[in-house]
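Trainee: Once you've had a glance at the structure underneath, I'll fire off some questions.
The values are calculated or read from the model by the stated rules, or taken from the named source; none is laboratory data. All of these numbers come straight from a predicted model, not from anything done at the bench. When we count neighbours, we look across all protein chains shown, and the Cβ atoms used for this are built from the backbone with ideal geometry, even at glycine. Ligands, DNA and RNA are stripped out before the accessible areas are found, and what is left, the full protein with its side chains, is counted by its heavy atoms. Shrake-Rupley method; radii C 1.70, N 1.55, O 1.52, S 1.80 Å.
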Amino acid sequence: MRKLTAITAAAAALLALAACGGESGTATAAADNPYKLLQPGLLRAGTLTDAPPNVYLKDGKFTGFDNDLLTAVAAKAGLKVEFVGTDFSALLSQVANKKFDVGSSSITVTEARKKTVDFTNGYDFGYLGLDVPAGSPVKSFSELAGKRVVVVQGTVQDDYATQNNLNPVRVPDYNGAVNQLKAKTADAWISPAEIGEKSAKDSNGKIQLVEKQLSSAPTAFAVAKDNPALREALNKALDQVIQDGTWKKLLDQYYPGRPIPDSFKPGSQGRG
């Protein structure tokens, strides 16, 4: 009986030690990865490869205003960034499902998108652009009824076309939209205006940007809804890169001469 009691006591002690070790291990892991990243210290960001000047690949490196800004923001939070290319139509669900820690792709904040992901404070404003093949008679958004209009699936441009009953042709990426205009298989492309303007300049005269409309909502980085710690860390770091001049420097680099609307305030300033 004494032997059985001793064995039972020893087993209980081992279980207690194991429990303490597990609690300690969990606490250590949480301290090492406070933002619940896929890999501690590394921000895995989903982005696009074909949307200059916002997000694109250059010489094998992800760059553009949004991605360079995210790199600067992450550094303020003590993090490095790993960019991975994807399609915009899948990006928000991939952030929500934890394939990525963050989405970086000039993402306009909308109420519909807030049902899938959370957003940081806004860091940029945007315009809807209207791109057409060179020589097209279409000169404004008001002339799109009955035309073959192409949009990138899942974008606010897609939303605009749908809400205005334009029955858009949806493509997975910006190259697809540009190629349709060059081939004249589409009459118009509703674009993010900065991307549409750059695409027109790079088209050797085959595409023209004929009109722009200011978007009423800012663009922001997307994070999972159950990760407020990461969202707030990025918000704090975003304010820091605004205050130290990095945000304005990148803005001037990628959008030289673009005026900032009086209605737009970046970072926490935009919260009112």
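Trainee: Looking at A217, A188, A193 in this structure, which one is of a type outside the set (K, R) and at pLDDT 95 or above? Full working, then the answer.
Mentor: Working: A217 fails: at pLDDT 95 or above; A193 fails: at pLDDT 95 or above.
The conditions single out A188.
Trainee: Given the options Y127, Y160, name the one that is open to solvent by 20 Å² or more (accessible area, probe 1.4 Å), in contact with a helix residue (DSSP H, G or I) (Cβ under 6 Å, 6 or more places away or on another chain) and of a type in the set (S, T, Y).
Mentor: On the way: Y160 fails: in contact with a helix residue (DSSP H, G or I) (Cβ under 6 Å, 6 or more places away or on another chain).
Matching residue, one of Y127, Y160: Y127.
Trainee: Would you confirm, using the coordinates I've provided, whether K206 is touching a Phe, Trp or Tyr at 6+ places or on another chain (Cβ under 8 Å), open to solvent by 50 Å² or more (accessible area, probe 1.4 Å) and in contact (Cβ under 8 Å) with a residue 40 or more places away in the chain?
Mentor: On the way: touching a Phe, Trp or Tyr at 6+ places or on another chain (Cβ under 8 Å): no; open to solvent by 50 Å² or more (accessible area, probe 1.4 Å): yes; in contact (Cβ under 8 Å) with a residue 40 or more places away in the chain: yes.
The answer is no for K206.
Trainee: Among the residues of region 58-88, count how many are in contact with a Pro (Cβ under 7 Å, 6 or more places away or on another chain) and open to solvent by less than 60 Å² (accessible area, probe 1.4 Å).
Mentor: Step one: of region 58-88, the residues in contact with a Pro (Cβ under 7 Å, 6 or more places away or on another chain) are 64-65, 87.
Filter once more, so that each one left must be open to solvent by less than 60 Å² (accessible area, probe 1.4 Å): 64-65.
The qualifying residues number 2.
Trainee: Now a separate question. Can you pull out the residues in region 239-263 that are open to solvent by less than 20 Å² (accessible area, probe 1.4 Å) and out of contact with any Leu (no Cβ under 8 Å at 6 or more places or on another chain)?
Mentor: Listed by number, the residues that qualify are L251, Y255.
Trainee: Looking at region 172-185, which of its residues are part of a loop (DSSP other than H, G, I, E, B) and closer than 19 Å to L91 by Cβ?
Mentor: Filtering region 172-185 down to residues part of a loop (DSSP other than H, G, I, E, B) leaves 172-173, 184-185.
Residues satisfying the conditions are P172, D173.
Trainee: Within the set of pairs 6 or more residues apart or between chains, which connect a residue that is farther than 22 Å from P52 by Cβ inside region 252-272 to a residue that is charged (D, E, K, R) with Cβ atoms less than 7 Å apart?
Mentor: Close Cβ pairs (under 7 Å, with a partner that is charged (D, E, K, R)) amount to G267/D239; S268/D239.
Trainee: Would you please list the contacts, defined by Cβ atoms under 7 Å and residues six or more apart or on different chains, that run from a residue in region 83-109 that is closer than 18 Å to T219 by Cα to a residue that is part of a helix (DSSP H, G or I) and β-branched (V, I, T)?
Mentor: If the second residue must be part of a helix (DSSP H, G or I) and β-branched (V, I, T), the pairs left are V102/V95; G103/V95; T108/V156.
Trainee: When L214 is evaluated against the numbered criteria (1) closer than 18 Å to P53 by Cα; (2) open to solvent by less than 70 Å² (accessible area, probe 1.4 Å), which criterion, by number, is the only one it fails?
Mentor: Among (1) closer than 18 Å to P53 by Cα; (2) open to solvent by less than 70 Å² (accessible area, probe 1.4 Å), L214 violates only (2).
Trainee: Condition (residue is at pLDDT 95 or above, within 19 Å of L57 (Cα to Cα), open to solvent by 30 Å² or more (accessible area, probe 1.4 Å) and basic (K, R)) applied to region 92-104: is it met by at least one residue?
Mentor: Quick first cut of region 92-104, residues at pLDDT 95 or above only: 92-104.
Next cut, within 19 Å of L57 (Cα to Cα) only: 100, 102-104.
Going one step further and asking which of them are open to solvent by 30 Å² or more (accessible area, probe 1.4 Å), we end up with none.
No, region 92-104 has no match at all.
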